[in-house]
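For reference, the structure I am asking about is given below.
Every read-out reported here was derived from the displayed coordinates using simple, explicitly stated rules and does not represent laboratory data. Computed from a predicted model, the values in this text were never measured in an experiment. Quick reminder, even Gly has a Cβ in these numbers, built from the backbone with ideal geometry, and neighbours come from all protein chains shown.
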Amino acid sequence: MKRVISLVCVVGVTALITYLAITGQQARERADRLDRALMDAEARVIQLEADIEAAKQRLAELTQTRPAARPPTSPSHTAPVVAPAAPADTATSAVEGVVAGASRAADSGVAVTVARPPVVGPLVRYAAFSRPGLTNLVRIEGTSTIHDWQVEGHLIGGSAEFGPGLPTRPGAQATPGTVDAKVSVFIPVRSLKSVEKDGRPYSDAMDEIMYAKLLEPANKRITYTLTSLTLKEQPRETTQPFLYEATGNLFVAGVTNVVTMPVAVSPDPTGRLQFAGSLKVRMTDFNIVPPAPTVGGGAIKTGDEVTLRFAWWVNRLGTGQAPR
C-alpha cells in the first residue's frame, strides 16, 4: 500500500510539474503574441497619423492653388490707393550704399556672405515591421567565468522620421553631415530569451534572473531615442551600406545614458530601410549588478561589459498601406 501511495504521489507531482511547465510556456507565448499585437497596433496608429498629415497637406495645397474670389465691380467701387514709389535717385543711392559697404568690408579683409535659407525638406515617416526574410534582431552577448552567454529577441518596435538627406534607395547619394532625423525604438524586456550559440533556447532560470536584473516589473521596455545621425562614409558599391554615427539616449532598467555607436543603413529597392549596429556597454553604468549565481559556491561570475547588436527594419508610411 505504501508503495502504491508513493507511486501515486510521484505521478501526481510529475503531472503537476508538467502542467505548470506547460502553463508557463503558454503564458510566455501569450505574452509574446500580446507584444507583437501591441507593436502592430502602434505601427497602424503611426500609419493613420501619416495618412491624416498627408490629407491635411493635400488639402492645404488645393486651397493654395484655388483662385481667389474677386469682388464685384461697380461704379461706386473705389480704386485702391497706391503709395507713390520712391524716387529713382533715392533707390539708386540706397543700392550704391550697400555696394559701397560691401566693398569696404572686402577691403578690410572681412568675409562677406549672402544669407540663404537652409534647404529643408519634408520628413518621411517609417514604422518598424518584420516578415520572413526581413527579421528584426536584438542580441546581447556577455561573458562569465564558466562560459560566454547570449540573449536574443526579435521584437523591435518604434518609428522614425527622416529628411531628404537620408538615402532611401540603393545607389542613392547621401547628403554629407548630420541628417534631419527623429527615431524612437523600444524592445519588450520579456521578448528577450537566453539562447545557445546555435539559437536554441538555453535556460528559463537564466531568463528570470535577467528579467529581475532589468527590473522588468517596473520597466517593461528598453528604449532608445536618437538625438543625432551623422554620415561617416558613402558606400563604394550599391550593395554596401551607408555608414553613420548615431548618438542617442538608451534607457535600461530605469536608467538613461547617452551612447554613441556606428550604424549601417541599408535601403532596399522597395524603399524599406535596415539599421544595423553594435555597442559595448557596462551593466554597472545602468546600476545593474552583474549576476553571480550561488550555484557552485558563488564561483560563477558574470562580466560587467556586454555587447549589444541589432538589426532593425522600418517600412515607409503614407502609401495607404500599413506595414506588414
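Provide Rg and Dmax in Å for the stretch 225-292, with only Cα atoms included in the calculation.
15.2, 48
For the stretch 248-311 and the stretch 207-224, compute the distance between their C-alpha centroids and round to whole Å.
Cα centroid to Cα centroid, the span is 13 Å.
For a quick check: sort ILE209, ILE140, ILE187, ILE22 by the number of other beta carbons within 10 angstrom, fewest at the front.
Listing ILE209, ILE140, ILE187, ILE22 from fewest to most nearby Cβ atoms yields ILE22, ILE209, ILE140, ILE187.
Let me ask you something else. Apply 1/(1 + (r/R0)^6) to the Cβ-Cβ distance of GLN240 and LYS182, taking R0 = 41 Å, and write down the FRET efficiency to the nearest 0.05.
So the FRET efficiency works out to roughly 0.95.
Mind checking the stretch 168-272 for GluC sites (Glu not before Pro) that DSSP puts in a loop (not H, G, I, E or B) and that have at most 12 other Cβ atoms within 10 Å?
When the GluC sites (Glu not before Pro) of the stretch 168-272 are filtered for loop state and at most 12 Cβ neighbours within 10 Å, GLU196, GLU237 remain.
Quick one: length gained pulling ARG131 to LEU62 fully straight, 0.36 nm per residue minus the C-alpha distance?
21.1 nm
Rounded to two decimals, what ratio of Rg to Rh does the stretch 129-260 give with C-alpha atoms and a Kirkwood Rh?
1.02
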